[in-house]
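Step one of this worksheet: look at the structure below.
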Amino acid sequence: MDYEYYINKWKQEKSFKIESDKIKEKYYIYTEFPMANQYGFQNINLKGIIVGDIYSRFYRMNDKNVFFPLGFHTLSKSSFVETKKHSTYLNDDLANAMYKQMERLGIGINENKLINLRHNEYLSSLQEAFIDLYDKGYIEYKNKYVYYDKANEKIYDELTIKNKKLPIVDYRCFVLKIKDIKESLLKSINNIDTSSDVKAELINYLAPKRIMEIDFMTSNNFTIHLELKNPEYIAGISFIFINPEKVEITNYLDSKYYNDVFNYLDGYDDRLFVFTGVYATNPLTGKDIPLFISTIYSDDFYIGNPAIDEDDMALALENSIETPIILKDNKLINSDFLDGLSLKEANEKIFEMFLDADICREHMIYENDEINLTSIDNFGPLFPFLEDKDTKIIKSLKGHLPYAFSDKLRPVLQDNVDIVGDTMNGTINNLFTEGMIPILSILYDQAGSTVPIFSNEALDQYYDFGSIKYAIVSKNNLLGTIFMPLVLSNIINKELGDELLKLEKVDVYKDLLDKDNEIVKRSNNNLIDLDSLLDKYGPDSIRYYLIKSSKLDEDLIFDENKIKQYYLKIAKLEKILKKHGEGSSKLDYLVFNLMLDTKKALYEKNINKYIDLIDEFLNKFIDDFELSDKECLAFIKIISPVLPFISEQIFKERFNGKYSILNETWPD
């Protein structure tokens, strides 16, 4: 087959140009940008891109104004350092390899909407968005404790760390503050049509915590209402401090101790705390817990737990307060029915038991209020600020954007001026840069230039799009590709006063593995030569293989033999579809049902069902059917989203199609 002919035909017809039709619904499909090397596509990102392309073709055939922004990035610190003056040449070669493979795979490219992610317009837009968020108080430059991997020049915070054995250092970072949008962000996550596992992972980035609300009875028949973050440690509570500035202490005071307490409050007693003469009963163990009056903590009630807090232990030992041991070999002891359980097991058990017994209530809090944006390991767009080393004052470079390294030289700065926060990650893995992609894509679509994210022009674009209808991303990258776009869109919605941007449905796919179950990547030395596979088996076989060989929620184990099998099946199908048969009522009925069932599957975002229906049809009838023209035309339209090249060829040769089948409507 002359694949180049159909690629050029799509270009000539501008088949992938988004229309300016205001009546048609604009249908935004989003997938993450893949990484690149000299072989072009390497990782499982290609599966997500093909899924996105299939839906894009399908919805276009169903009269939607489809928007499917896609790209790739090839600039990293290693390529700059290793190749020095040749970095531009090298990265342009990589970009060309990716571009060519996208064409060969039938992925739509709109030549009029190309954005160079390394050059001025995109960098300026990215940096201006950063400054806008800084000016509005969402981004702050501050000292933050981070995990530091000195060997690999990386820093991590709680969101991104995997190895918590790394040392913790105090590092100057840019952080994105999310405290004011957490409620709307949670609502956005819960409103997404996706699996419960994906929702749970997204919510976990906010550090959810179950809080146990529980009343402790006192020896003078009052109650103390406490909120416990870690109720599994309840048996270790050794004392409770009551803050007299926030609590009416007379309810918790034995008359024998009035003088002691009021001498303390009047400043005649320089102790840190004084005994009230009252005890609270531990509802787990039944043991007495002494109550003290103290102003050294700001809490209404401070819960002293020496078993897990060194300061509490020192305080208890100094004042001869009983300190029960509750942990041994990371298992609980002296904790009643929690004995022998791990902390996680104990947490679940005590909630279960106390809730069932109506002893407590629960609510959730979300502890994460900020996201670290600073990365120190990659060459890329610079944070648009300079810092005076002496005063630590940073200066915005607004009006001087884009601020970037040249291809050959680093900027020359005065001795007392420093580049702030190192660089934004140039490979689009950084949380901010990757999270901005869906939003900047919207602004580039019709504005076609740098538009501030809070501007009136941006407002018009957000209203026009309404939502990302469908996102298909890697399970390993939910933080950058789903969570961060949700964070940024919620900030925009809050500032502009309306729900302008939302995300309706998310699917995830898993890793690409080799035959030894190793993830395909450079460090495993098992990279795939996609160009060679395209030369041997053609794009339709690879597209079919990527969708058919595993479900979205399964790892895809690379198997060239399967690609070959699909290649032979498609070659056989091509011969059959070229034959002019008379058809039959049975075939007519089966094609009609296939049309309905595949349409339903694609509308329900069930790509696995769609491909299974086609595969079952082929397996059952490929040896003995001859389709009539009516049946054949319907059939090639049905398969065209996944097999665009063979569909175009049959449309041209059997039906004398003068234009692309992509311009046809779904069969009816």
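The values are calculated or read from the model by the stated rules, or taken from the named source; none is laboratory data. Bear in mind the structure is a predicted one, so any value in this text is a computation, not a measurement. Here Cβ is always computed from backbone atoms with ideal geometry, including for glycine, and neighbour counts include all displayed protein chains. Each accessible area value is taken on the protein alone, full model and side chains, heavy atoms only, with ligands, DNA and RNA left out. Shrake-Rupley method; radii C 1.70, N 1.55, O 1.52, S 1.80 Å.
Tabulated data
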read-out: Residue ID - surrounded by the most Cβ atoms within 10 Å (Cβ to Cβ), chosen from residues in region 613-630 that are free of Cβ contacts under 8 Å to residues at least 60 places away in the same chain and of a type in the set (D, E, K, R); value: Glu626
read-out: Looking only at region 186-219, and only at residues there that are in a helix (DSSP H, G or I) and of a type in the set (D, E, K, R), the one that is most open to solvent (accessible area, probe 1.4 Å); value: Lys187
read-out: Residue in region 523-544 that is of a type in the set (A, V, I, L, M, F, W, C), out of contact with any helix residue (DSSP H, G or I) (no Cβ under 9 Å at 6 or more places or on another chain), open to solvent by 50 Å² or more (accessible area, probe 1.4 Å) and outside any helix (DSSP H, G or I) present; value: yes
read-out: Whichever residue in region 265-282 is among the aliphatic types (A, V, I, L, M) and closer than 23 Å to Thr223 by Cα and, among such residues, is modelled with the lowest pLDDT; value: Leu265
read-out: Residue check, Asp21 among the charged types (D, E, K, R) and modelled with pLDDT under 85; value: yes
read-out: Every pair of residues 6+ apart whose Cβ atoms lie under 7 Å, when the first sits in region 550-568 and is closer than 22 Å to Val473 by Cα while the second is in a helix (DSSP H, G or I); value: Lys551/Asn608; Leu552/Ile607; Leu552/Asn608; Leu556/Lys47
read-out: Contacts under 6 angstrom Cβ, first residue in region 326-342 being of a type in the set (D, E, K, R), partner in a strand (DSSP E or B) and modelled with pLDDT of 95 or more, 6 or more apart; value: Asp339/Leu332
read-out: Pairs, first under 19 Å from Ser125 (Cβ atoms) and modelled with pLDDT of 80 or more in region 366-386, second of a type in the set (Ser, Thr, Tyr) and buried (at least 18 other Cβ atoms within 10 Å of the Cβ), C-beta under 8 Å, six or more apart; value: Phe383/Thr374; Phe383/Thr423; Pro384/Tyr403; Phe385/Tyr134; Phe385/Tyr141
read-out: Lone unmet requirement of (1) closer than 13 Å to Arg57 by Cβ; (2) open to solvent by 10 Å² or more (accessible area, probe 1.4 Å) for Leu633; value: (1)
read-out: Within region 577-595, tally of residues that are surrounded by 13 or more Cβ atoms within 10 Å (Cβ to Cβ), of a type outside the set (Gly, Ala, Ser) and either at positive phi or under 44 Å from the mean Cα position of the chain (by Cα) (or both); value: 6
read-out: Every residue from region 121-132 that is surrounded by fewer than 22 Cβ atoms within 10 Å (Cβ to Cβ) and more than 19 Å from Phe33 (Cα to Cα); value: Ser124, Glu128, Ile131, Asp132
read-out: Lone qualifier among Asp629, Asp559, Asp624, Asp668 - being of a type outside the set (Lys, Arg) and under 30 Å from Asn526 (Cβ atoms); value: Asp559
read-out: Pairs with Cβ under 8 Å, 6+ apart, first in region 631-651 and within 13 Å of Asp668 (Cα to Cα) and assigned to a helix (DSSP H, G or I), second open to solvent by 10 Å² or more (accessible area, probe 1.4 Å) and acidic (Asp, Glu); value: Glu631/Asp588; Lys637/Glu664
read-out: Hey, Lys246 modelled with pLDDT of 90 or more, exposed (fewer than 13 other Cβ atoms within 10 Å of the Cβ) and part of a loop (DSSP other than H, G, I, E, B) or not; value: yes
